[in-house]
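In what follows, a single structure is set out as structure tokens and then discussed.
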Amino acid sequence: MAPADLTVDVCWSPAPGTLRECHLSLPAGSTLRDALVASTWFDAAGPERLGGLQVGIWGRAQPLDAPLREGDRVEVYRALTVDPKEARRQRYRDAGQRIVTRHRPLGRKA
């Protein structure tokens with residue numbers, strides 16, 4: 001690895017319960033698009049179709065031309081199949097009781 005290279009991880013979950021990870025060494029100045037192409041997971045989509053992917057770095061959505069830094073974690077996101085609010089309502093109906101989170105404990109309002 002040359003001193004000007006940077007290492008990044010590309011993570012993708014193509015289906016629920018599965019995770020694919022790829023450790024890459026890229027030249028300095030590489031972008032998110034470069035990392036996706038180097039992973040070879042998206043070759044079938046073609047470079048022109050990469051624009052349809054939802055991608056980010058460390059959990060924050062980024063454009064494909066975003067520059068990468070040493071140690072970045074590139075993430076490819078799947079589309080949501082259920083609205084998060086609706087999923088919570090369904091869990092409530094199934095459990096039959098209020099779902100308590102650490103942000104909103106049960107009890108009287110102050």
Notebook entry, point to check: Relative contact order (percent) for region 5-80, with alpha-carbon contacts under 8 angstrom and 6 or more residues of separation?
Noted result: 40
Note to self: Once R0 is set to 35 Å, what does the formula 1/(1 + (r/R0)^6) return for the Cβ-Cβ distance between V37 and R89, expressed as a FRET efficiency to the nearest 0.05?
What the structure shows: 0.30
Margin query: Based on the alpha-carbon set only, what is the convex hull volume of region 5-80 divided per residue, in Å³?
Written below: 86
Note to self: With the crude spin-label approximation of a point 7 Å out along Cα→Cβ, what separation in nm comes out for A61 versus T7?
What the structure shows: 3.2
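Bear in mind that the values in this text are calculations on the coordinates, not laboratory data. Just so it is clear, the model here is predicted, and its values are computed rather than measured. Note: ideal-geometry Cβ built from the backbone for every residue, glycine included; neighbour counts use all protein chains shown.
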